[in-house]
Amino acid sequence: MNMDDIRLVVVSNRLPIRINRIDEKWHVSPGGGGLVAALNPILNKHGGSWVGWLGTTEEGDFSPLLKQAENEAGYHLNPVFLTEEEVQNYYFGFSNEILWPLFHSLETRCNFKPEYWKAYSDVNQKFAEKIAENCTEKDYIWVQDYQLMEVALHLKKLKPNCRTGFFLHIPFPPPDIFLKLPWRTEILKGLMEYDTIGVHTANDQRNLIEAFRRTRPLSAKISGTNGTKIVSLQNRTVKVGVFPISIDYQAFSTLAASPLVEERTVAFHNEFPNQQIVLGTDRLDYTKGIPERILAFSNALERYPEMREKITLVQVLVPSRIQVPQYIELKTEVERLIGETNGKFGVPGWTPIQYYYRNLPHDQLAAYYRAADIALITSLRDGMNLVAKEYVAANLEERGVLILSEFTGAAAEFGKGAILINPYDIEGTADAIYQAYKMSNEEKRRRMHLLR
Ligand code: GDG
């Protein structure tokens, strides 16, 4: 087959754009999050198309907006339309009340409501129909993430010869946790219909393979030695490989080196004279360990008073899933902890934690990365964590320190240069902040050089 004939079709829950209505008029802007950051550059460079939900259940003629977004992106956008009920049961329900906490090993947060499953399966079918309408059997269909594990199963009925791959952006949990899922057999059978499955780390691969092996009545056969494993079940085989996701390192370093970012970096630094800046930036999510981070920072100020007035935590919280009560509670909790820390340690001229609840423009974010002396990543569990990789890519002067949770996929690659922490260990994380604060320039350069 001529490689030029092969078109890439990326499929994910959301299209890589945001649309919102301001004063009765719809506007479009680029989408956020790690998945978009990782995949957008690929389609942007090679062309192809992206299938996903628009992010609204409202009706309207979105074609002019989509045309505008397609022109900017350089590839096609094919929207899937969902009803309010589908969004509630498939997205907020099965995906976010079951799969998200379970796969992050936070199973006590799961709500195994039986009616969610049917909606999940039906919406996966709807995605398959949209793909079938817009692809040929020459295309490569690359499905993304936990919301869409059953797409290949439905697509095979419509386009039997389509080649499909699936990538899981979040961790795959250990078998003892996965086996609690009432629909474990259905999920694994759905995954068997892909040709290739990719996960971030060897640990995720081991967990997925064990799930295939231990879930009755499947008891799949496993072969393959090092590297890619092959799972066989009845007449199907699927390859399971470790493909750690990354960022466009070159593009990110170039952005960080641009005159605009340079100017913003200096301006940002000047806002905190004679201080070390610690940066935390994440989507508002309970997996990111944000309360634990603030408690650790506060503990560090308590136990190492010499850092007071000499260090500031800049915490950016990107709004996410803001309709969900658990997320609203988390926001309130984070804001309470920030207020408490600032109230306890702040003095005129020094606020220990600067807090921004917003989505920063990319060049501003790059300036924050460049200016930060320390990046503090405290995820309780994270598939990869691209903030870690972006911080490293933006660290042109090799003077920053990365403090990284050992429960991120990135820790598997960054173990040597970063200071690894257990985010549940508040004092241990506080000690790591102090260690980074005191670190010699030589040691910083050695570690950052390894990371880069
Ligand atoms: C999922 C998995 C996996 C952050 N602050 C701002 C902003 N960001 C961007 C960063 C980065 C992205 O958000 C966050 O990526 P992560 O990888 O850290 O996390 P998730 O969104 O949870 O992504 C994760 C990833 O998928 C990829 O497979 O690594 O484990 O959970 O790109 O730049 N972006 C903007 N303003 C901000 O203030 N514009």
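Tyr369 satisfies every condition listed in (1) closer than 17 Å to Glu271 by Cα; (2) open to solvent by less than 60 Å² (accessible area, probe 1.4 Å); (3) more than 10 Å from the ligand (Cβ to nearest atom); (4) touching a strand residue (DSSP E or B) at 6+ places or on another chain (Cβ under 9 Å) except (3).
If the condition is being open to solvent by less than 80 Å² (accessible area, probe 1.4 Å) and polar (S, T, N, Q), then region 429-452 contributes Thr429, Ser440. When the criteria are applied in full, Asn78 meets the requirement of being closer than 16 Å to Lys130 by Cα and under 23 Å from the mean Cα position of the chain (by Cα). Please verify whether Lys438 is touching a residue at least 12 places away in the same chain (Cβ under 8 Å) and among the basic types (Lys, Arg), treating the condition exactly as stated. Here the answer is no, as Lys438 does not meet what is asked.
Scanning region 45-55 for residues that are within 21 Å of the chain's Cα centre (by Cα) and not in a strand (DSSP E or B) returns Leu54, Gly55.
Residue under question is Gln88, and the condition is that it be more than 23 Å from the chain's Cα centre (by Cα), more than 19 Å from Gly190 (Cβ to Cβ) and either open to solvent by 10 Å² or more (accessible area, probe 1.4 Å) or not hydroxyl-bearing (Ser, Thr, Tyr) (or both); does it hold? Break it down stepwise before answering.
Numbers: more than 23 Å from the chain's Cα centre (by Cα): no; more than 19 Å from Gly190 (Cβ to Cβ): yes; either open to solvent by 10 Å² or more (accessible area, probe 1.4 Å) or not hydroxyl-bearing (Ser, Thr, Tyr) (or both): yes.
Here the answer is no, as Gln88 does not meet what is asked.
Please work out if Ala375 is under 27 Å from Asp145 (Cα atoms), crowded, with 24+ Cβ neighbours inside 10 Å and touching a Phe, Trp or Tyr at 6+ places or on another chain (Cβ under 6 Å). So Ala375 passes the test.
For Tyr327, the requirement of being within 16 Å of the ligand (Cβ to nearest atom), touching a strand residue (DSSP E or B) at 6+ places or on another chain (Cβ under 7 Å) and not in a loop (DSSP other than H, G, I, E, B) is not met.
For region 139-175, which residues satisfy the criterion of being open to solvent by 40 Å² or more (accessible area, probe 1.4 Å) and touching a residue at least 60 places away in the same chain (Cβ under 8 Å)? If the condition is that a residue be open to solvent by 40 Å² or more (accessible area, probe 1.4 Å) and touching a residue at least 60 places away in the same chain (Cβ under 8 Å), then Tyr140, Trp142, Pro174 are the ones that fit.
Can you say whether Ala69 is in contact (Cβ under 8 Å) with a residue 12 or more places away in the chain and within 15 Å of the ligand (Cβ to nearest atom), as far as the supplied structure shows? No; evaluated as a whole, the condition is false for this residue. If the condition is being buried (at least 19 other Cβ atoms within 10 Å of the Cβ), more than 27 Å from Asp382 (Cβ to Cβ) and of a type in the set (Gly, Ala, Ser), then region 8-60 contributes Gly48, Ser49. Among the numbered criteria (1) hydroxyl-bearing (Ser, Thr, Tyr); (2) farther than 15 Å from Arg445 by Cα; (3) near the ligand (Cβ under 10 Å from one of its atoms), which one does Thr378 miss? So Thr378 meets the others, but not (3).
Against the test of being in contact (Cβ under 8 Å) with a residue 60 or more places away in the chain and more than 13 Å from the ligand (Cβ to nearest atom), the options Arg264, Arg236, Arg283 yield a single qualifying residue, Arg264.
The values are calculated or read from the model by the stated rules, or taken from the named source; none is laboratory data. Just so you know, these numbers come straight off a predicted model, no measurement behind them. When we count neighbours, we look across all protein chains shown, and the Cβ atoms used for this are built from the backbone with ideal geometry, even at glycine. Surface accessibility is based on the protein's heavy atoms, side chains included, excluding ligands, DNA and RNA. Shrake-Rupley method; radii C 1.70, N 1.55, O 1.52, S 1.80 Å.
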